[in-house]
Amino acid sequence: MEKSKRIGYARVSSLTQNEDRQVLSLLEAGVPRENIFVDKFSGKNFERPQYRKMLRKVDENTVLYIKSIDRLGRNYMELSNQWRIITKEKGADVVVIDMPILDTRKEKNLLGTFISDLVLSLLSYVAETEFQTIHQRQAEGIAAAKARGVKFGRPSQPLPDNFWDIYRQWKDKNISTAHAAEVCGMPVSTFRYKANGFEQLSG
């Protein structure tokens, strides 16, 4: 018997990324727009509000559609566990649009289930390994750049022309820290930081 409830799940890693391509694929697969759940969260775990909401609606009459396996998640162990919950505990089917072999509606026999689970394990492992490799390369690149003297973050602002005079008055306790910071046009924390640096240079 054909399962009648179609649900879609899409995920992007940050607020600046666009999920339209995934949503369009889900709509083309016949998922009603009101049944599409979208998270803008990292895929490292499954503590995502829309995913949890979606999971509560999944049952044995559901076909869950996702565009690609890494949209569901990137953590190999957790991804395999969630797949088990959806397909075994909930009794739902899963369709990975970009990977037709990961369609649990097909080959419901033992061999079909084995092949599907095997492919899932392989793909989720590759997805997590690729994710870790990218982050490792980024970290190595940043470390190499720092070793070459490359500065990261916003460039420090030059000290105002009156800083030395204000610093001396503050150092002699003639003015408060708050007043010194205000006259220099900077937050109190910034004035303290600059003053400490100034003392070290002077010392």
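The values are calculated or read from the model by the stated rules, or taken from the named source; none is laboratory data. Not measured: the values here are computed from a predicted model. Neighbour counts are summed over all protein chains in view; Cβ atoms, including those assigned to glycine, are modelled from backbone coordinates with ideal geometry.
Working only within segment 1-49, note down all residues that are in contact with a strand residue (DSSP E or B) (Cβ under 6 Å, 6 or more places away or on another chain), over 16 Å from D70 (Cα atoms) and assigned to a helix (DSSP H, G or I). Correct list: N35 only. For segment 5-33, what are the residues that are free of Cβ contacts under 8 Å to residues at least 60 places away in the same chain and of a type in the set (G, A, S)? Hits for segment 5-33 are G8, S13, S14, G30.
Contact map, segment 47-73: residues that are assigned by TED's automatic domain parsing to the domain that holds S14 and of a type in the set (D, E) paired with residues that are surrounded by 13 or more Cβ atoms within 10 Å (Cβ to Cβ) and not in a loop (DSSP other than H, G, I, E, B), Cβ distance under 7 Å, separation 6+ or inter-chain. Pairs shown: D70/A127. Is there a residue in segment 106-129 that is farther than 22 Å from Q50 by Cβ, modelled with pLDDT of 75 or more and in a loop (DSSP other than H, G, I, E, B)? Yes: segment 106-129 contains one or more residues that are farther than 22 Å from Q50 by Cβ, modelled with pLDDT of 75 or more and in a loop (DSSP other than H, G, I, E, B). Just to be sure before I move on: is L55 aliphatic (A, V, I, L, M) and part of a loop (DSSP other than H, G, I, E, B) in the structure I sent? No: the conditions fail for L55. Among the residues of segment 1-40, those that are of a type in the set (D, E) and under 22 Å from D59 (Cβ atoms) comprise E2, E34, D39.
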